[in-house]
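Here the structure is laid out as structure tokens; the discussion comes afterwards.
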Amino acid sequence: MKILGIMGSPRIGGNTDLLLEEALQGARSGGAEVEKVIVDKLKIAPCRECYGCLRDGNCVIRDDMDEIYPKLLNCEGIIIASPIFFYSISAQLKALIDRSQSLWARKYILKQKPVISPKKGAFIAVGATKGDNLFAGAVLTVKYFFKTIDADYTAELLIRGIDQKDEIKQHPAALAEAFALGKKLAE
């Protein structure tokens with residue numbers, strides 16, 4: 001099984017990154033081949049809403065998304081990881097998701113069949129506050145993104161009250177949950 005990890009945090013080595021690494025280790029331990037994409041290191045322009053993708057399912061913008069589309073289409077499992085900024089995912093990750101409008105066009109307008117379907121999808125999010133609706137917007141965004149790429153939303157790990165860089169290391173239970181999430185995704 002091929003699992004794609006998408007790290008949506010700009011903070012390399014931070015809480016989101018550490019949790020994703022544990023999840024990918026869990027997936028490896030379950031026999032999966034894993035790949036990690038660090039969105040902050042990519043050049044991804046925002047969607048221009050030009051509807052060029054409605055013609056043939058391809059985005060007209062040429063940038064690092066050209067490398068991401070095949071990864072999204074050819075993985076069998078995907079783990080999205082993001083810190084929560086203003087009750088949503090990071091801007092870097094949102095740009096990647098918005099640029100997947102071309103994949104939405106392929107599925108819903110052009111009626112193209114997915115390469116691999118269904119995939120398994122999991123979401124890891126870390127937020128500093130403890131608000132009741134802290135993850136609501138982010139979960140909804142990820143669920144609709146998963147629907148577009150034919151991934152079933154099969155697992156989530158939503159951690160509240162963590163903010164300082166690598167503070168998650170003080171929470172071994174959360175790291176163990178991330179490992180278990182990755183291992184289960186590889187099944």
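Laboratory data are not the source of any read-out in this text; all were calculated from the coordinates shown. All values reported here derive from a predicted model rather than from experimental measurement. Neighbour counts are summed over all protein chains in view; Cβ atoms, including those assigned to glycine, are modelled from backbone coordinates with ideal geometry.
Annotations
- Sequence-distant residues sharing a close amide H with Ile6 (under 5 Å, placed H): Val37, Ile79, Ile80, Ala81
- Sequence of Ile159, Ile68, Ile38 once ranked by neighbouring C-beta atoms within 10 Å, starting from the fewest: Ile38, Ile68, Ile159
- Theoretical FRET efficiency, 1/(1+(r/R0)^6), r = Cβ-Cβ of Arg11 and Ile116, R0 35 Å, to 0.05: 0.70
- Summary value for region 2-185: 33 percent relative contact order, contacts being C-alpha pairs under 8 angstrom separated by 6+ residues.
- In summary, the chain shows an alpha-carbon radius of gyration equal to 0.99 times the 2.2 N^0.38 Å reference for compact globular proteins.
- Note on the chain: antiparallel DSSP beta bridges, both residues inside, total approximately 5 percent of the bridges counted.
- Between the helical axis of 65-74 and the longest alpha-carbon principal axis of the chain there is an angle of about 80 degrees.
- ³J(HN,Hα) computed for each position of region 125-134 - Karplus, 6.51 cos²θ - 1.76 cosθ + 1.60, integer Hz, glycine/proline x: 9, 10, x, 6, 8, 10, x, 4, 9, 3
- Principal-axis analysis of the Cα atoms of the chain puts helix 15-29 at an angle of about 80° to the longest axis.
- Residue pairs exceeding 32 angstrom between C-alpha atoms, taken from Lys94/Lys130; Lys41/Lys183; Lys36/Lys147; Lys41/Lys113; Lys113/Lys165: Lys113/Lys165.
- Cα gyration tensor, region 47-88 - rounded (a/c under 1.5), prolate or oblate: oblate
- Simple spin-label estimate for Glu33 and Glu49 in nanometres, 7 Å along Cα-Cβ: 4.0 nm
- Whole-angstrom gap from region 28-53 to region 58-115, using each part's C-alpha centre: 6 Å
- Placing a label point 7 Å from the Cα of Asp56 along the Cα-to-Cβ direction, the residues of region 99-122 whose backbone N falls under 19 Å from that point are 100-115.
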